[in-house]
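Novice: Sharing a structure with you now.
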Amino acid sequence: MLDLVRNKQKSFLIKIAFAIIILSFVIGYAMMTSPGGPDNGDPAESVAVVNDTPITYADFQAAYSNLYQLYKNIYQDQFTPALERQLKLADKTITGLIDQVLLLEEADRLGLSVSEEELVNAIAAIQAFQENGRFNKERYIQVLNYQRLSPEEFESMQRRDLLTAKVREQLQTGITVTEAEIEEEFRLNNDKINLNFVRLAPELFESKVKVTDEALATFFESRQEEFRVPERVALRYLQFTPERYRDEITFDDAELEKYYRRHLDQFDIPEQVKAAHVLIKVAQDADQALRDKKKAFANDLLAEARGGKDFAELARTYSDDKGSALKGGDLGFFTRGSMVPAFEAAAFNLNPGEISDLVETPFGFHIIKVEAYTEAGVKPLADVIDQVKADLGEEKAVQYAFEKAMDAYNINRKSGDLQAAADANELGVKETGLFASNEPIDGIGANQEIIAAALQLDEKSLGRPVKTDQGVFLFGLKEKVASHIPELSAVKTTVEAAYRKEESRALAQAAADQLLADLKTGGTLKELAARAKLDLEETGLFARTYAPFVPRIGSSVSLSEAAFADEGAGLDQVYEIDGRFFVAAVKAHESADLAKLDDAKRAELRQFLQNSKQNEAVQNRVDTLKSSAEILISPGLKDMLNKENQS
């Protein structure tokens, strides 16, 4: 329903601009709490120190949340926890914070500063603090209170950002782009090549692998460690579930108030408006005559709306947003950041019942009517008392279950008598099967804390209780099987699969090597592929800017570079990509046509190159400063970065 007006633009230049933002990431002021990111820590604790300047946990968490929100807005539904780990947000965050400290030190060396007037003007220009296009002090205080910031804190952050921007501006002065650079960039974007290639996948050669008992025995003997059976253990355990103790939990009004205040972020009410609109759609490539005609029609509708004509009826009759038109133009409630900027600015500057002037966006002309407004704030305790009671009861039940498990652990840890602990707590002892460090536990799952503790247990000892989503587990060792090299007969199927995989890979590589050798001695790849009964494929025309990606093949720096080197003369090797072997040759080359480099394209490329060179100049200076800086990273952050790099 809202797709028509949500900001979904993914043009090439927008992606470039986004990349520049990430590369030159500096901390913003939109503090948002993200569902991902670092665990709670002491806000005053330092996660890093740069030349005696500390970076606090609070700085890191706020910056992480800001970056998280930025990526979430870009990727939207595709922004999964897996993508979050892949993007390495913790690394990007601490890098941005360190860079900012170094740039602020550079500002001091350059004698730069931010005047009070510059600070006031910058804050007054922030749209979130404006009403009807003008700065409103009351709104300023409200927004900061909502973000739990004092004016002094925010102004300090804003001053820091302005000073960083001044340093960047000074480092970027004097940078120009030549006509030769523009033409070279045009060639890079528009020189295209089409490759013929033969794909030799090991899977195609598996049927040619001959397997004998002697070959398997030799293979197994040379690779025994690869088939080593890891140490495995089995557990006996007790499960203390919070639900079991829920009826025993009590709390008073003071505890409810304390819980509510500790979790205020759960009860936030975001600023939002309820609006309806009429859209007169205009294609972005429409000529001026058509655009003027559509605008005139939209103005006529605006006059009717302001003249008292039923807005819903106008939307149903004339709006080109068919999804909302069926509902009289109703878009429902939406928050800031949900709509394209011009639409959002207009909607949030209207009072309920007011109708906007014509609002132009990439989709066309909008007439907006705001029907309701919800101010940012926090739900009062009275409105959420049932949720607070339920959540506090659950929290206390979890803690009570943990205390019960700890009591059982402390009473029985010397004897290791899990049955006595079970009898005292009226619980049944459960058992798991054998599991290794990389395997889930029957009935418990892949809990790494329990797995690690279990592998360290001795006979007649108990593991310290562990909290999980399933409750609290108290456990002891049932059985331990030491790591060992198995007999071939016990792992013959696994060994044979590994042998076939290795041999088929060797056959595929040998076939690729032979194909390349034949290609070098004469003939075309098409002829040689036909003779060997191999499929000949082609990439289709692609530009150098695809690098390192090669269509229909995959990512390969060496292949993408060789394809454009001397019109493919560098394609003189076999390329292994994603476990497959490729032999390639140029089928066609299409040179960039400089006649198509018109003034508009030159201006676009000049701006792109200017931005790239300016950001490169800043990054080069930061790298120089970083090379001589003393930078200390806390063990906790190091651990977070290591986990991120392992994902």
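Novice: Which of the aspartates and glutamates could be linked to K480 by a straight reach, that is with a Cα gap under 12 Å, when you skip same-chain ones fewer than 8 residues away?
Specialist: Within the straight-line limit of under 12 Å, K480 reaches these aspartates and glutamates: E231, D458, E459.
Novice: With 16 Å as the cut-off, how large is the P(r) tail for region 314-363, expressed as percent of Cα-Cα pairs? Provide the component values of the computation, followed by the final result.
Specialist: On the way: 589 of 1225 pairs.
Roughly 48 percent, rounded to a whole number.
Novice: Just to confirm, what accessible area per residue do you get for the chain at 1.4 Å probe, in whole Å²?
Specialist: Heavy-atom accessible area per residue stands at 55 Å².
Novice: Something else: Enumerate the calculated ³J(HN,Hα) couplings along region 171-177 in order (Karplus 6.51 cos²θ - 1.76 cosθ + 1.60, θ = phi - 60°), each rounded to whole Hz, writing x wherever the residue is Gly or Pro.
Specialist: After applying 6.51 cos²θ - 1.76 cosθ + 1.60, I find 5, 9, 5, x, 7, 10, 10 Hz.
Novice: Another one. Specify, per residue and in Å³, the volume enclosed by the convex hull of the alpha carbon atoms belonging to the chain.
Specialist: Details: hull volume 170.0 nm³, N = 647.
Value for the chain: 263 Å³ per residue.
Novice: Follow-up. Quick one: 3J(HN,Hα) in Hz for region 320-336, Karplus 6.51/-1.76/1.60 with θ = phi - 60°, rounded, Gly and Pro as x.
Specialist: Along region 320-336, the couplings run 8, 8, 4, x, 7, 4, 4, 10, x, x, 5, 9, x, 7, 8, 9, 4 Hz.
Novice: Students often forget the sequence filter, so: which lysines lie under 16 Å Cα-Cα from K258 once same-chain residues fewer than 8 apart are removed?
Specialist: K379, K389, K396
Novice: Here is a further query. Explain nothing, just compute: Karplus ³J(HN,Hα) = 6.51 cos²θ - 1.76 cosθ + 1.60, θ = phi - 60°, for every residue of region 451-457 in order, whole Hz, x for Gly and Pro.
Specialist: Using θ = phi - 60°, the values come out as 4, 4, 5, 4, 5, 9, 6 Hz.
Novice: Further, regarding this structure: Take the solvent-accessible surface of the protein heavy atoms, probe 1.4 Å, and return the percent of it on the chain that carbon and sulfur atoms account for.
Specialist: Working: 17240 of 35510 Å².
C and S atoms contribute 49 percent here.
Novice: Can you pull the percent of Cα pairs in region 464-549 with separation above 16 Å? Walk me through the intermediate numbers first.
Specialist: Details: 2836 of 3655 pairs.
Distances greater than 16 Å cover 78 percent of the Cα pairs.
Novice: Considering amide H positions built from the backbone, and no H for Pro or chain starts, which residues 5 or more places from I269, or on another chain, come under 5 Å of its amide H?
Specialist: G377, V378, K379
Novice: Also, quick follow-up: Would you please give the residues with an amide H less than 5 Å from that of V47, counting only those at least 5 places away or on a separate chain, with H modeled from the backbone geometry?
Specialist: So V47 has HN proximity to I55, T56, Y57.
Novice: Right, here's the next one. Please compute the volume of the convex hull spanned by the alpha-carbon atoms of region 168-327 and report it per residue in Å³. Kindly include the intermediate steps, with their values, before the conclusion.
Specialist: On the way: hull volume 106.4 nm³, N = 160.
Measuring per residue, one finds 665 Å³ for the Cα hull of region 168-327.
Novice: If you scale each eigenvalue of the Cα gyration tensor by 5 and take the root, what three semi-axes come out for region 495-647, rounded to whole angstrom and sorted largest first?
Specialist: Details: eigenvalues 304, 186, 31 Å².
Equivalent ellipsoid of region 495-647: 39, 30, 12 Å, largest first.
Novice: Continuing with this model, one more query. With no solvent and one equal point scatterer placed on each C-alpha of region 104-247, evaluate the Debye formula and give log10 I(q)/I(0) for q = 0.09 Å⁻¹, two decimals.
Specialist: -0.81
Novice: Chymotrypsin sites (Phe, Trp or Tyr not before Pro), restricted to region 560-621: which are DSSP loop and have at most 12 other Cβ atoms within 10 Å? Walk me through the intermediate numbers first.
Specialist: Details: sites: F564, Y575, F581, F582, F608; in loops: none.
When the chymotrypsin sites (Phe, Trp or Tyr not before Pro) of region 560-621 are filtered for loop state and at most 12 Cβ neighbours within 10 Å, nothing remains.
The values are calculated or read from the model by the stated rules, or taken from the named source; none is laboratory data. Everything numeric here is computed off the predicted structure, so don't read it as measured data. Cβ atoms come from the backbone with ideal geometry, glycine included; neighbour counts cover every protein chain shown. Surface areas here come from the heavy atoms of the whole protein model, side chains and all, with no ligands, DNA or RNA. Shrake-Rupley method; radii C 1.70, N 1.55, O 1.52, S 1.80 Å.
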